[in-house]
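Since every read-out is calculated from the coordinates, none of them should be taken as a lab result. Computed from a prediction, not measured in an experiment: that's the story for all the values here. Quick reminder, even Gly has a Cβ in these numbers, built from the backbone with ideal geometry, and neighbours come from all protein chains shown.
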């Protein structure tokens, strides 16, 4: 009988010694017979490396020469890892004992599933979904991401309302399973993004290449959230800039010609709301993000080569505007929106 696929759980670490101490033991206790754990360190200035060597000698360590960010950090690290499956796992996640097998079983049965995520619940509020992925990521036709169990800042209580395994648009980068050969084939994450929405861009490209993205809700993990890049100017900038670039990279020209102006206007409306509410840091971040987006369009514009498809032909796309449904119509939960 053949052994189960080799799973490499790769944790990208940046000054996360406290998370490694708290959560790495749960990862090492996973009930799966063929896995290894790798910590890729993004040039941490804390004692993460010495702590790992002393307390977790079985863990493989990759030391990166500088802080490449989430996207390029994983690209650099995974180039040095051999496995059948990669698991991109945040350092601030507590896993349950049987979180690996259900996902591997699902992906082995359906060879078209390239990427899969578990159900993500909040570590500090375990009855509720967590922001980064919840029960599987969706996107609306204008490019605003949301998830089963999370719309903007609204987090639903987990009452098994999303207990089915299903195709989705994007899987969270906080706990992403991906077939290693497909990660390589797709060229990995888009390193320019540094952090935020790089997993959505990767999943979008995977769908354009003919693969499926899935959520396996019989696998459960608990995410602290915000552990690597807390809320603030930098996070707002990256979210706005990367979302605009992602749309430009993946939309077909016909959709891009009208959706990009609409998105820029809606960003401006949100910036105006922030201005009148006194949130000037967000205003500055949005303006900076738009300047960076224009610079990308004019100077960088590195497109991928997969044929573009209309969004409504992809899984996990809402034909409704979640901005309208959430802020104007008052619909706050996933089942009222999608």
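Kindly provide the Kirkwood hydrodynamic radius of the chain in Å, to one decimal, from all pairs of distinct alpha carbon atoms. Display every interim value, and only then the final one.
Numbers: mean 1/r = 0.0491 Å⁻¹.
By the Kirkwood definition, the hydrodynamic radius is 20.4 Å.
If I stretch the segment between residue 233 and residue 287 completely, what's the gain in nm (0.36 nm per residue apart, minus their alpha carbon distance), one decimal? Each step should come with its number before you reach the end.
Values: separation 54, 0.36 × 54 = 19.44 nm, distance 1.12 nm.
Length difference between fully extended and current span is 18.3 nm.
For the Cα atoms of the chain, what angle does the longest principal axis make with the long axis of helix 233-250, in degrees from 0 to 90, nearest 10?
Helix 233-250 sits roughly 80 degrees off the main axis of the chain.
Identify which of 118, 307, 252 has the largest mean-square fluctuation in a Gaussian network model of the chain, with springs joining Cα atoms closer than 10 Å.
Result: 307 has the largest fluctuation of those listed.
Helix-only estimate, please: 222 nm mean residue ellipticity of the chain, summing -39500 (n - 2.57) across DSSP H runs of length 4 or more and dividing by its residues, to the nearest 500. Display every interim value, and only then the final one.
Values: 9 runs with 115 residues, N = 338.
After summing the helix terms and dividing by the residues of the chain, the value is -10500 deg cm²/dmol.
Using only the Cα atoms of the stretch 155-245, what are the Rg and Dmax in Å?
Cα radius of gyration and Dmax of the stretch 155-245 are 14.5, 38 Å respectively.
Could you give the angle, 0 to 90 degrees to the nearest 10, between helix 253-276's Cα long axis and the longest principal axis of the Cα atoms of the chain?
Once rounded, one gets 90 degrees.
How much length is gained on full extension from residue 98 to residue 300, taking 0.36 nm per residue of separation minus their Cα-Cα distance? Don't skip to the end; give the middle numbers.
Working: separation 202, 0.36 × 202 = 72.72 nm, distance 4.35 nm.
Gain in length upon complete extension: 68.4 nm.
How high is the FRET efficiency from residue 276 to residue 45, r the C-beta distance, R0 51 Å, rounded to 0.05?
On the way: r = 39 Å, r/R0 = 0.77.
After rounding, the FRET efficiency stands at 0.85.
Sort 178, 337, 103, 286 by Cβ crowding within 10 Å, fewest neighbours at the top.
On the way: 178 28, 337 19, 103 25, 286 22.
Least to most surrounded, the residues fall as 337, 286, 103, 178.
Can you put 305, 217 in order, fewest other beta carbons within 10 Å first?
Working: 305 8, 217 21.
Ordered from fewest to most neighbouring Cβ atoms within 10 Å, 305, 217 come out as 305, 217.
Alpha carbon centre of the stretch 269-338 versus the stretch 157-205: separation in Å?
Computed from Cα coordinates, the inter-centre distance equals 18 Å.
Between residue 36 and residue 257, how many nm apart are label points set 7 Å from Cα along the C-beta direction?
5.1
Return 240, 35 ranked ascending by Cβ neighbour count within 10 Å, so the fewest neighbours appear first. Can you show the working numbers first?
On the way: 240 25, 35 20.
Least crowded to most crowded, the residues run 35, 240.
Quote the convex hull volume per residue of the stretch 233-324, based on C-alpha atoms, as a whole number of Å³. Display every interim value, and only then the final one.
On the way: hull volume 10.1 nm³, N = 92.
Spread over its residues, the Cα hull of the stretch 233-324 gives 110 Å³ apiece.
Points 7 angstrom from Cα along the Cβ direction at residue 265 and residue 336: gap in nanometres?
2.6
If you fit an axis through the alpha-carbon atoms of helix 17-28 and take the longest principal axis of the Cα set of the chain, what angle between them do you get, 0 to 90°, nearest 10?
60
Expressed in nm to one decimal, what extension gain is obtained for the pair residue 105 and residue 313 from 0.36 nm per residue of sequence separation less their Cα-Cα distance? Intermediate values should be presented prior to the final figure.
Details: separation 208, 0.36 × 208 = 74.88 nm, distance 2.68 nm.
Answer, rounded to one decimal: 72.2 nm.
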